[in-house]
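Inspection log for the structure reproduced underneath, given as structure tokens.
The values are calculated or read from the model by the stated rules, or taken from the named source; none is laboratory data. What you see is a predicted model, and the numbers here were worked out from it, not measured in a lab. As a convention, Cβ positions derive from the backbone with ideal geometry for all residues, glycine included, and neighbour counts pool all protein chains shown. We work out accessible area using only protein heavy atoms, side chains counted, and drop any ligands, DNA or RNA first. Shrake-Rupley method; radii C 1.70, N 1.55, O 1.52, S 1.80 Å.
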Amino acid sequence: MRMHSSAKPFSVSAKSMEEWVLPDGVSKYKVAVDRLIQLRVFIETADRKRETTYRLNPTFQANLQKLLIHGEVLAREPMPSNITVRLPSLEDLEAYALDQWECFLLQLINSGQAEKPSNISSSVMKVFQKGLLSQRDKEAPRLTESGFQFLLMETNAQLWYIIREYISNAEERGVDPADLISFLLELSFHVTGEAYDIDTLSDEQRYAIKDLADLGLVKLQQGRKESWFIPTKLATNLSMSLADSSSRKQGFVVVETNFRMYAYSSSKLHCEILRLFSRIEYQLPNLIVGAITKESLYNAFKNGITAEQAITFLQQNAHPRVAERIPSVPENVTDQIRLWESDLNRVDITPAHFYDEFPSREVFEAACDYAREWNGLLWEDSKNLRLVVKADIHTHMREHLRRQK
């Protein structure tokens, strides 16, 4: 507030600014300055004496002054209660958001099945295809390594992954990424559970709001004449730090020293995620019983899930009865998971052929390119013109070198 009051941007030295801070607030002050610099609200410079100085970003300063002087508010206000009827309670809205998000993730897990997702828009499916799913000709889509790892992330991290990818391909849909980011940030400052008129949205924002409804960020409702959207906690959490633990859900998993696993949940999604790295034995109405086995973990490692990711998931989702223990997952279990992963990182023997004495660097580089093209290059030494290729391509490689000569 002190810095914005000047008509022109001016710099304040770090030493002068520290004098504004009470002794017991120094640590919080340093954290605040670092965050303001990261957000580019503060611009850090050095004066002639090489002392650190700070000044407000001119664009931020101008908009802040405009807000304080004219009292501008968000582009839309909540609709009157006499127009919107039967709005869901906060509990119902949270349950709706959770159901939509779980449905979204289940369709990702089951993407290889014959039944295609029907209630996910093509815009969001493009996000799937880009980073989480891969598909070859006439084959069903399959989860990539990133897709398996995505499923073990916390909900807030998953949400930001999807939103980031959604923004990155906005131009392909004819949408300005800057406008989309602005709308998403604006949405995060709306009030959870309040109704907002859809007619206040632009055409691009209306398309986006339908995609966000698929993810559970908003709930769409129709009245007699008006239509409105209701932000859920998923939308308001967009402005929250990934390190903020206040939005984390209560855990549900108990792991015992004998590698038995009990998950107190009725969620099909929880069952499918646990199946990624454990053997599910049976499922009761409110209990999933399974075991962490060598075979189940080998399958997880093959799909790109690491030992640390599996352990972190179990720790972050530990049941409240065991979450306060240190460690929340028995050490013999976590140590064995890491050992099973290390078993796969031992030396593998691959039949190969060694090439040297190339007549020229051009021939050597052409041979390396050829081996890479056939996915057969194991090692190269560009300085001494030597390389090792898989035995599978040796015959083709020899013919290729003959033609090069």
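The listed residues are Glu272, Glu281, Glu357, and the only one of them that is of a type outside the set (A, V, I, L, M) and modelled with pLDDT of 95 or more turns out to be Glu281.
Scanning the range 60-91 for residues that are in a helix (DSSP H, G or I) and either modelled with pLDDT of 85 or more or open to solvent by less than 100 Å² (accessible area, probe 1.4 Å) (or both) gives Phe60, Gln61, Ala62, Asn63, Leu64, Gln65, Lys66, Leu67, Leu68, Leu90, Glu91. Restricted to the range 23-53, and to residues there that are polar (S, T, N, Q) and farther than 21 Å from Leu64 by Cβ, the residue that is most open to solvent (accessible area, probe 1.4 Å) is Ser27. Here the strands (runs of 3 or more DSSP E) wholly within the range 296-405 that include at least 2 residues being of a type in the set (Val, Ile, Thr) are 386-390. Within the range 353-377, the set of residues being surrounded by 14 or more Cβ atoms within 10 Å (Cβ to Cβ) and either closer than 30 Å to Leu297 by Cα or among the hydroxyl-bearing types (Ser, Thr, Tyr) (or both) comprises Tyr355, Tyr370, Gly376, Leu377.
Any chance the range 324-347 includes a residue that's modelled with pLDDT under 90, surrounded by 11 or more Cβ atoms within 10 Å (Cβ to Cβ) and not polar (S, T, N, Q)? Yes: one or more hits. Among the numbered conditions (1) within 30 Å of Leu87 (Cβ to Cβ); (2) more than 21 Å from the chain's Cα centre (by Cα); (3) surrounded by fewer than 15 Cβ atoms within 10 Å (Cβ to Cβ), the only one that Ser265 does not meet is (3). In the range 169-181, of all residues being free of Cβ contacts under 8 Å to residues at least 40 places away in the same chain and over 19 Å from the mean Cα position of the chain (by Cα), the one that is most open to solvent (accessible area, probe 1.4 Å) corresponds to Glu171. More than 19 Å from the chain's Cα centre (by Cα), surrounded by fewer than 20 Cβ atoms within 10 Å (Cβ to Cβ), among the acidic types (Asp, Glu) and at pLDDT below 90, is that true of Glu204? The answer is no for Glu204.
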